[in-house]
Every structure is written in C-alpha cells, then in structure tokens.
Amino acid sequence: MANFLLFLSGNNSQAWLYAWLAIGVIALVVELITIGLTSIWIVGGALAAILINALHGPVWLQIVVFFIVTFVLLYFTRPWAVKYLNRHRSATNADSAIGHQVRIIERVDNVNETGRAIYNGMEWTARAASSDEIFEINELAEVVEISGVKLMVKKIKSDEIS
C-alpha cells in the first residue's frame, strides 16, 4: 500500500504514461467485447491524461483531466450516440404492452411458475413483478415490463381500472 501511495504522490511520468495506456486499453477491450457504449468514454479520458503526461503536467492534473474529460464525454455525447447508433433497433409490438391492462386467464403465482394473461387478443405467459403477489383468473393487471416472452404484471388499484 505504501508503494502505491508513493506512486500516486510521485511524478514518475513514465509510470503514469503506462498506467493511462493500460486504463485506455482495458476500457477499449471492454468496449469491443460489450459493444454497448459502456466504456468508450474512459478511453477519451485516458487519452486526455496521456496528453497532459506528454506535456509533463503534474499527476494531480492528469487525474483531474481524466475524470473531467470522461464525465464530459459521457454526459454530453452518450445521449447523442445512443440515439443515432441504435436507430436501426426497432421497438417490437410487445413493447407497446407496457403500461396497459391485461386480463389474467390462469392464476399467476411465481412460486408455482404459473400464469397466463390476454393482451391484444393474444395469450402471454405472465409473472408477477413482485414475487409476493398472486393474481386470480379474470383479474385485471398492469404490464410493467416484458422479460423475454413473459409479461411482468402488477396489481391495479381500484381507481386505476378503466
């Protein structure tokens, strides 16, 4: 631990260059594996820290620049990237079920792994979003999520039934 603290406090430029390169490469490898815009922003921060290192900036400045650039890239470019890079992903008709009411046609009981519901004229496997809820036949429920081919449903308060 003492060596690590000495490393942090020192201005060993070459060691920090390797540290930033390692952080950047690891983040890039994670990004290539996940392809989900999870760590590309860290690569930008690492590149900025490498630039400060090359200009012989102090370690504290390298760290500050790393975090600021990473945050700025994440905050300002991620919404744009998600919007334009995922534009070919189309929502399915199933996504439209979220927030709608369904009628239970088979008792929904997560413990016994039973349950079916009707949505838009089609039968779906149904499970309770909260594991302690049980739904009886002909009860109305609201879809809160779709998990694979299952509708995750919750109880509807009496004033919400339409």
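All of the numbers you see were taken from the coordinates with simple rules; none came from a lab. It should be emphasised that the depicted structure is a prediction, and the values quoted were computed from it without experimental measurement. In this analysis, Cβ positions are derived from the backbone assuming ideal geometry, glycine residues included, and neighbour counts consider all displayed protein chains.
Here is how the numbers come out for the structure above:
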quantity: Nearest-0.05 FRET efficiency for LEU61 and VAL30, computed from C-beta distance (R0 22 Å); calculated: 0.30
quantity: Where labels lie 7 Å past Cα in the beta-carbon direction, separation of LEU47 and SER13 in nm; calculated: 2.2
quantity: Added length on full extension, which subtracts the Cα-Cα distance from 0.36 nm per residue, LYS155 to SER131; calculated: 7.5 nm
quantity: Theoretical gain in end-to-end length, VAL144 to SER96 [0.36 nm per residue, Cα-Cα removed]; calculated: 16.2 nm
quantity: Nearest-20 debye value, segment 93-156 charge dipole, Cβ charges on Lys, Arg, Asp, Glu; calculated: 100
quantity: Euclidean distance of C-alpha centroids, segment 22-74 and segment 130-154, integer Å; calculated: 43
